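Bear in mind that the values in this text are calculations on the coordinates, not laboratory data. This one's a predicted model, so the numbers in the text were calculated from it and none came from an experiment. Because the Cβ atoms are built from the backbone with ideal geometry, glycine has one as well, and the counts that use them run over all protein chains shown.
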Amino acid sequence: MSEMILSHNEVKQLMCWCSSSSVLNGETTYAPITGTISSDATLNRRKSLIPTNGFVYGAIARVDSEPLGGDTWVLTLLKNGSPTAITITLTTGSYIDIEDSANKVEFAKGDELAWRIVPTGTPAGLYIQASLIIYIEEAF
């Protein structure tokens, strides 16, 4: 992942989410951008409120076991309920430390971010980890 140049008033943060229970196969679920919590079929229960302006640049994800038979898990960062360009696809042979380091998403104070997790096919329920690099304006 290439390093971004920060201005004097930006702070780099790492936000990590780890599923606390197996992500269900066959249904779209949502997860917050930070913490250890199960994903949920209802987006409103998993959005993270952003307290300041900034941007996301760099995401990485993994699952604890390989999806088989062409099945996939697709993680997409949502901003205010809409998909952004940050997407990670976990599939057979490509399921550990898969990155999206090409896309940048800006956000403003009051925006809400969340992960959308969509299975293709019927992959087994898996534990998923996802991390974002977030650059925020210094608020203090």
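Listing for the model above:
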{"quantity": "Bins of 5 Å from zero: percent of alpha-carbon pairs in the range 53-109", "calculated": "4, 19, 26, 19, 15, 9, 5, 2, 0"}
{"quantity": "Separation in nanometres of the label points that stand 7 Å from Cα toward Cβ, at residue 28 and residue 55", "calculated": "2.7 nm"}
{"quantity": "Simple Cβ-charge dipole of the range 64-119, Lys/Arg +1 and Asp/Glu -1, about Cα centre, in debye nearest 20", "calculated": "280 debye"}
{"quantity": "Extension gain (nm, one decimal) between residue 127 and residue 14, 0.36 nm per residue minus Cα-Cα", "calculated": "38.7 nm"}
{"quantity": "Rounded FRET efficiency, nearest 0.05, which uses the C-beta distance separating residue 103 from residue 45 and R0 of 30 Å", "calculated": "0.70"}
{"quantity": "Reported label for calculated semi-axes √(5λ) of the Cα gyration tensor in Å given (1) 26, 16, 11; (2) 31, 22, 14; (3) 21, 19, 17", "calculated": "(1)"}
{"quantity": "Listed residues 96, 107, 119: farthest to the positive end of the dipole of the range 12-137 (Cβ charges)", "calculated": "107"}
{"quantity": "Cβ charges +1 (Lys, Arg) and -1 (Asp, Glu), total dipole of the chain, debye", "calculated": "300 debye"}
{"quantity": "Order by protection proxy (mean Cβ within 10 Å, highest first), peptides 117-123, 102-108", "calculated": "117-123, 102-108"}
